[in-house]
Amino acid sequence: MFIHFSVRECELALNMVSGIGKKRYAKLIKHFGDAKSVFNADVFEISMIDDIGKVTARSIKDFDVNKELELELELIQKNNIKTIHLYDEDYPKNLKTIYDPPPVLYVKGEFQEADEISIAVIGTRVPTQYGKLVAKKLTKELVSAGFVIVSGLARGIDTIAHKAALENGGRTLSVLGSGILNVYPPENLGLAKQISETGVLISEFNLLKKPDKNNFPSRNRIVAGLTQGTLVVEAPEKSGALITADFAMEYGREVFAVPGPIHSPKSRGGNTLI
């Protein structure tokens, strides 16, 4: 198949292929030199690369690059969305320093130099009244101190943090676990629009990607990687917030946790961090 798109555009296509992920993406680029060459390679050669195999190789060869890219690029242009690649000058500096940065970011809005001074405010999707009050208060104080607030647009603490940042004249960045044109949860569609007007919506997934549960740990690593530190307001023992905190520690970033009542399941994760 003749591919009539550039190498840079083919990077978007490779990022869209099911089963690729950031590690396999990097291995393919290292072996073939660029994304277009990956698509032009034969199934056997692709399948022989470590951790690729026949199934993924066949997914690559069966992917209709010209058709899928044409649709994706139309949506990008129509919705005023920008793609930033790892080698671009405007790729976020904090994120570029982690060991597994996304090769491609979809963004709606514009990054600013101020975004380097940022902190993630995260927590449970079902906070207590205490958690809600603390999230609002600390977000307000962080904004007053000049921090950009980063979170994941999830229900609960994430939503409260984004809203509190906006209400107090602050800047906030949101990392999605789905495509930018498939905002999840759907009730935050209006909030996502607000964020994109003064801050940035960010996703490593193609525009219409569904919010699959496997996407969220990847989303969490970006939240941690974009920031200088992560603040866990309220989180159970097993939660996405603690996954984000773990990534932050792996990346050598600061991790903070709000203490909560020892009898509250919602505070066990944060209390354990402390």
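General remarks:
- Residue, surrounded by the fewest Cβ atoms within 10 Å (Cβ to Cβ), within region 218-238, restricted to residues that are out of contact with any Gly (no Cβ under 9 Å at 6 or more places or on another chain) and of a type in the set (G, A, S): G229
- In region 10-24, the residue that is surrounded by the fewest Cβ atoms within 10 Å (Cβ to Cβ) out of those that are of a type in the set (K, R) and in contact (Cβ under 8 Å) with a residue 40 or more places away in the chain is K23.
- Residue among K163, K213, K209, K193 that is of a type in the set (K, R) and in contact with a Gly (Cβ under 8 Å, 6 or more places away or on another chain): K209
- Selection count where residues are assigned to a loop (DSSP other than H, G, I, E, B) and closer than 25 Å to L191 by Cα, scope region 79-96: 6
- Whenever a residue of region 127-153 is among the small types (G, A, S), its partners that are part of a loop (DSSP other than H, G, I, E, B) and open to solvent by 30 Å² or more (accessible area, probe 1.4 Å), lying with C-beta atoms within less than 8 angstrom and at least six residues away or across chains, give the pairs S144/N168; G146/I117.
- Within region 26-46, residues that are small (G, A, S) reach partners that are open to solvent by 50 Å² or more (accessible area, probe 1.4 Å) with beta carbons closer than 8 Å, at six or more positions or on different chains, in the pairs A35/V7.
- Assessment of region 39-49 against the conditions (open to solvent by 70 Å² or more (accessible area, probe 1.4 Å), aliphatic (A, V, I, L, M) and under 28 Å from N182 (Cβ atoms)) yields no matching residue.
- For region 32-43, a residue qualifies if it is of a type in the set (A, V, I, L, M, F, W, C) and either closer than 13 Å to I3 by Cα or at pLDDT 95 or above (or both), and the qualifying residues are F32, A35, V38, F39, A41.
- Region 25-36, subset open to solvent by less than 40 Å² (accessible area, probe 1.4 Å) and more than 18 Å from the chain's Cα centre (by Cα), residue farthest from L105 (Cα to Cα): F32
- Put simply, of A257, A241 the only residue that is open to solvent by less than 50 Å² (accessible area, probe 1.4 Å), among the small types (G, A, S) and in contact with a Leu (Cβ under 7 Å, 6 or more places away or on another chain) is A257.
- Of the strands (runs of 3 or more DSSP E) lying entirely inside region 97-188, the ones with 1 or more residues being open to solvent by 10 Å² or more (accessible area, probe 1.4 Å) and of a type outside the set (S, T, N, Q) are found at 104-109, 118-122.
- Taken together, I60, I29, I76, I46 contain a single residue that is over 26 Å from Y99 (Cα atoms) and either part of a helix (DSSP H, G or I) or modelled with pLDDT of 95 or more (or both), which is I76.
The values are calculated or read from the model by the stated rules, or taken from the named source; none is laboratory data. Model, not experiment: these values are computed from the prediction. As a convention, Cβ positions derive from the backbone with ideal geometry for all residues, glycine included, and neighbour counts pool all protein chains shown. Side chains are part of the model used for accessible areas, which takes the heavy atoms of the whole protein and leaves out ligands, DNA and RNA. Shrake-Rupley method; radii C 1.70, N 1.55, O 1.52, S 1.80 Å.
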